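Colleague: One structure is given below, represented as structure tokens, and several questions about it will come after.
The values are calculated or read from the model by the stated rules, or taken from the named source; none is laboratory data. All values reported here derive from a predicted model rather than from experimental measurement. Every residue, glycine among them, receives a Cβ derived from its backbone with ideal geometry; neighbour counts consider all protein chains shown.
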Amino acid sequence: MRLLDVGCGWGGLVLHAARHYGVRALGVTLAHRQVEWGRRVIAETGLAGRADVRLLDYHDVSEGDFDAVSSIGLTEHVGRARLPDYFAFLYGKLRTQGRLLNHCITRPGGRYPLLLRNGFIDRFVPDGELHGPGHIVSTMHDAGFELRHEENLREHYARALTAWEENLSAYLQEAVAEVGAAKARVWRLARIAFEDEWLELHQVLGVKTERGDAAMPLRPDWERDHLRAREPASHATTRRESESKAAPAQTAATESVSATAAAGEAAQRSPSSVPASSTGTTTGMV
Ligand SMILES: C[S@@+](CC[C@H](N)C(=O)[O-])C[C@H]1O[C@@H](n2cnc3c(N)ncnc32)[C@H](O)[C@@H]1O
């Protein structure tokens, strides 16, 4: 199983996929500090040979025929005009029946013009342009992908940001010294943006289907083991709840990554190898 993670950040997904799923994973990022850190951890954890993080524009990845491509938080940096080429490029990196998981912050309808280019996001998130989920789905579809699953992880992201905010508060002076008070305050605002529905986070799974064979189970099965382990199923925590019941950030982040890797892992399976007991849910990620 080979995974390409475009815009891999510090390499968390690459490490997780290699360590827990035996995946051979390549991550690419434009930030050299991320590459240094990721490579050091890969070496320290004995994953060299299975995991790699490179300082590379995703356009310059020369390898192809990946079983899965993940894009987590990169689409925000791809302007509307370049979106068709972006999806076409990722499509070209997959083998037949390979999967793309595209996960990004989106804007909810046209209600918030401040979020558009030259607005709030553009000022505080460098090179950022948010698309609506419908536009992402259509553009991905037009690039050739068969769309298999879509979900909004807005509340989940607010939970992750609650924990980031706690970390940020603990190190606020250092953050202000590094980026200034205005930017540090914006970072603290991020959670509210997701809780109050001015931002969403959509995750779309597409397959490079050929001749009708998508190698997908009839129902999504990636939540099954997780759901079994929980009792009873809980609902996503909102800001109001989180004040009394803070969710560990690490859990949300790790679970997201693990489901992503599981989605990629499932790309290897043929429909006939899916267990008959597989029921799944339509959610796909926790
Ligand atoms: C918001 S971060 C997301 C990081 C990671 N995927 C995560 O979820 O934590 C965006 C990442 O995309 C990378 N990036 C932006 N444009 C890129 C490009 N053209 N090619 C490769 N990486 C890019 C940045 O360097 C950064 O690592």
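Colleague: Every residue in the range 54-80 that is within 9 Å of the ligand (Cβ to nearest atom) and in a helix (DSSP H, G or I), please.
Modeller: Result: Tyr58, His59, Asp60, Glu76, His77.
Colleague: Moving on to the next point. If you check Gly144 against the conditions, is it surrounded by fewer than 19 Cβ atoms within 10 Å (Cβ to Cβ) and at pLDDT 90 or above?
Modeller: Values: surrounded by fewer than 19 Cβ atoms within 10 Å (Cβ to Cβ): yes; at pLDDT 90 or above: yes.
Yes, satisfied.
Colleague: Among the residues of the range 10-34 satisfying the criterion of being near the ligand (Cβ under 10 Å from one of its atoms), part of a helix (DSSP H, G or I) and touching a residue at least 24 places away in the same chain (Cβ under 8 Å), which is nearest to the chain's Cα centre (by Cα)?
Modeller: In this case the residue turns out to be Leu13.
Colleague: I'd like to verify a number: residues in the range 190-213 that are touching a Lys or Arg at 6+ places or on another chain (Cβ under 7 Å) and outside any loop (DSSP other than H, G, I, E, B), how many?
Modeller: 7
Colleague: Within the range 43-69, which residues are closer than 14 Å to Tyr86 by Cβ and crowded, with 21+ Cβ neighbours inside 10 Å?
Modeller: Tyr58, Val69
Colleague: What number goes with the only condition from (1) crowded, with 16+ Cβ neighbours inside 10 Å; (2) closer than 20 Å to Asn102 by Cβ that Arg191 does not pass?
Modeller: So Arg191 meets the others, but not (2).
Colleague: Taking Leu47 as the residue in question, decide whether it is of a type outside the set (S, T, N, Q) and touching a strand residue (DSSP E or B) at 6+ places or on another chain (Cβ under 8 Å).
Modeller: Details: of a type outside the set (S, T, N, Q): yes; touching a strand residue (DSSP E or B) at 6+ places or on another chain (Cβ under 8 Å): no.
No.
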